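I have placed the structure first, in the form of structure tokens, so that the comments after it can refer back to it.
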Amino acid sequence: MDCFYVNLDSAEERRRRLETNFAACKKPGWELFRFAAIDKAYVERNAIPGATMAAEKGCFLSHQILMEQNLGDDKTYLIMEDDAQFGVRTCNLVDMVLKRNSHLDWDILYTDVCIPNVVNMFELLKYRRDLRKKKIEVAYMDLCGVGFAGTTAYIVNGRSKRKVHRALSSYRPIDLPYDLFLRQQAHSGALKIFTLFPFVTTVSDFSDESQIKTAGANSADMAWNMFRKMIWIERNLGRCKSTLELLKETSGKDAPLVEDTAGDEELDAFKILFSSMAAIHA
């Protein structure tokens, strides 16, 4: 599968980290290509209309133009932002799921998505545990009606790439950030958007590092990213502990939403996350 990542020329460290991660995890037939992101200077120079900020317009245009450059065939491909992270099983899981579900009708398939609502997070934790009991490794989850955000990593169906590109190119002025535009398209039914669940990619540690420096200002973002890492199919709960403790300290409260978790490492970890989120939004 061809994988494209969007990256500003100035973001050299992000580029290095993503390329190193991909090289360590890729399998034969998977290739990575960089797309030089549209920057704020381009947006301002071309007076791109819309209510969003220049950086958000640049993000929207980057994804649109990337798609425009790949309309000449019917190949399915993956688009990432430069804070995405592969796991050692990502390629095999994606190949397996797409092969087994080739009959399904979808336009965009996320491999990881941000869920910014603590109630939905709790429901998804239960869903993950239910899938494990049923010995279902990865499922398709319809995002129509689900509150979601982010475009860290998603697959564009080769049969739908022109349809998706038309939706993007006809959206002017750009009054919504790219991720919220896709959410609107999913909720209206204009695009069939799903996610693989549990997630088969996640966000890199690069995101945490930049947020931890100003944890008070970004504690909600940090919690959202923590959930994505903890729900990831290749998660390591032990590596999440330091960030969870920081969230706990930042929230200043410890009012668990999940009780009687003693002896259950997963529920113990999520208890801290959910309690911190409840305190953040109190």
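Out of the residues in segment 88-129 that are of a type in the set (D, E, K, R) and farther than 27 Å from Arg162 by Cβ, which is surrounded by the most Cβ atoms within 10 Å (Cβ to Cβ)? Spell out the reasoning first.
First, pick out the residues of segment 88-129 that are of a type in the set (D, E, K, R): 89, 95, 99-100, 105, 107, 112, 123, 126, 128-129.
This time we only want the ones that are farther than 27 Å from Arg162 by Cβ, so: 89, 123, 126, 128-129.
Numbers: Arg89: 16, Glu123: 13, Lys126: 9, Arg128: 18, Arg129: 13.
Here the residue is Arg128.
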Among the residues listed as Ala84, Ala54, the single one being surrounded by fewer than 20 Cβ atoms within 10 Å (Cβ to Cβ), of a type in the set (Gly, Ala, Ser) and farther than 21 Å from Ser160 by Cα: Ala54
Scan segment 175-190 and give yes if some residue there is at pLDDT below 95, more than 24 Å from Ala54 (Cβ to Cβ), assigned by TED's automatic domain parsing to the domain that holds Gly87 and polar (S, T, N, Q), otherwise no. no
Filtered residues of segment 1-45 (kept if among the aromatic types (Phe, Trp, Tyr) and either on the phi > 0 side of the Ramachandran plot or surrounded by fewer than 16 Cβ atoms within 10 Å (Cβ to Cβ) (or both)): Phe33, Tyr42
Got at least one residue in segment 10-30 being touching a residue at least 12 places away in the same chain (Cβ under 8 Å), within 25 Å of Ser169 (Cβ to Cβ), of a type in the set (Asp, Glu) and assigned by TED's automatic domain parsing to the domain that holds Leu182? no
Close pairs (6 angstrom Cβ cut-off, 6 or more residues apart or separate chains): free of Cβ contacts under 8 Å to residues at least 40 places away in the same chain in segment 144-164, surrounded by fewer than 21 Cβ atoms within 10 Å (Cβ to Cβ) and of a type in the set (S, T, N, Q) anywhere: Gly147/Asn117
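Which of the residues that make up segment 82-106 are part of a helix (DSSP H, G or I) and more than 17 Å from the chain's Cα centre (by Cα)? So that I can check it myself, show each step before the final result.
Our first condition is that a residue be part of a helix (DSSP H, G or I); within segment 82-106, this holds for 90-100.
Matches in segment 82-106: Asn92, Asp95, Met96, Val97, Leu98, Lys99, Arg100.
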Would you mind telling me which numbered condition in (1) assigned to a helix (DSSP H, G or I); (2) modelled with pLDDT of 95 or more Val119 fails? (2)
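The values are calculated or read from the model by the stated rules, or taken from the named source; none is laboratory data. The structure displayed is predicted, hence computed values, not measured ones. A quick note on method: Cβ atoms are made from the backbone with ideal geometry, for glycine too, and the neighbour counts reach across all protein chains shown.
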